[in-house]
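These notes are about the structure you will find just below.
The values are calculated or read from the model by the stated rules, or taken from the named source; none is laboratory data. Predicted model, so just to flag it, every value in this text is computed and none were measured. In this analysis, Cβ positions are derived from the backbone assuming ideal geometry, glycine residues included, and neighbour counts consider all displayed protein chains. Note: accessible area is taken over every heavy atom of the protein model, side chains too, but ligands, DNA and RNA are not part of it. Shrake-Rupley method; radii C 1.70, N 1.55, O 1.52, S 1.80 Å.
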Amino acid sequence: QLQASGGGLVQAGGSLRLSCSASGHTVSRYEMAWFRQAPGKEREFVDAIRWSGTTSYTDSVKGRFSISRENAKNTAYLQMNNLKPEDTAVYYCAVGNGRLILSSLNRAEAYPYWGQGTLVTVSS
């Protein structure tokens with residue numbers, strides 16, 4: 001089970017840190033990722049981290065968002081800085097199968113396990 005938390009309302013330019021905690025299974029050897037879905041839009045990839053620490057992110061968050069993981073706590077984080085109104089969305093965490101190649105990290109269909117989402121609202 002994946003539990004996403006940390007969302008909320010923040011002004012443009014502000015910061016939030018999302019957490020994704022896994023329970024019932026150790027995920028230290030699995031990929032963890034964040035996707036988001038804005039109202040009326042399709043779910044899109046945000047950031048991902050492999051068990052080795054290799055990361056992948058979408059260009060729109062480059063230099064602003066950073067993914068990390070704390071395997072001892074079975075948790076991944078998404079640090080979001082300099083938030084913009086266009087970052088407003090429900091953010092979902094996902095866990096892969098441990099065998100994802102780099103080019104598939106941004107594909108939602110590659111992740112079999114999903115959390116329930118946490119809402120991030122950025123006001124202008």
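A single entry from Glu42, Glu86, Glu109 fulfils the requirement of being among the acidic types (Asp, Glu), modelled with pLDDT of 95 or more and in a loop (DSSP other than H, G, I, E, B): Glu42. Among the residues making up the stretch 96-124, a single one is surrounded by 21 or more Cβ atoms within 10 Å (Cβ to Cβ), under 17 Å from Val27 (Cα atoms) and of a type in the set (A, V, I, L, M): Leu105.
Only one of Ser5, Ser23, Ser68, Ser15 is more than 28 Å from Ser123 (Cα to Cα) and among the hydroxyl-bearing types (Ser, Thr, Tyr). Can you tell me which? The unique qualifying residue is Ser23. For the stretch 45-77, the set of residues classified as part of a helix (DSSP H, G or I) and hydrophobic (A, V, I, L, M, F, W, C) consists of Val61, Ala72, listed by residue number. Ala72 passes every criterion in (1) open to solvent by 60 Å² or more (accessible area, probe 1.4 Å); (2) more than 19 Å from Ser5 (Cα to Cα); (3) of a type in the set (A, V, I, L, M, F, W, C) apart from (2).
For Gly6, the test of being touching a Phe, Trp or Tyr at 6+ places or on another chain (Cβ under 9 Å) and surrounded by fewer than 17 Cβ atoms within 10 Å (Cβ to Cβ) is passed.
Residues that are touching a Lys or Arg at 6+ places or on another chain (Cβ under 6 Å), within 26 Å of Ser123 (Cα to Cα) and not β-branched (Val, Ile, Thr): does the stretch 88-96 have at least one? Taking every residue of the stretch 88-96 in turn, at least one turns out to be touching a Lys or Arg at 6+ places or on another chain (Cβ under 6 Å), within 26 Å of Ser123 (Cα to Cα) and not β-branched (Val, Ile, Thr).
His25 meets the conditions (1) surrounded by fewer than 16 Cβ atoms within 10 Å (Cβ to Cβ); (2) at pLDDT 95 or above in every case but one. The failed one is (2). Checking each residue in the stretch 6-34 for being part of a strand (DSSP E or B) and out of contact with any Cys (no Cβ under 8 Å at 6 or more places or on another chain) picks out Gly8, Leu9, Val10, Gln11, Leu16, Arg17, Ser19, Ser21, Ala22.
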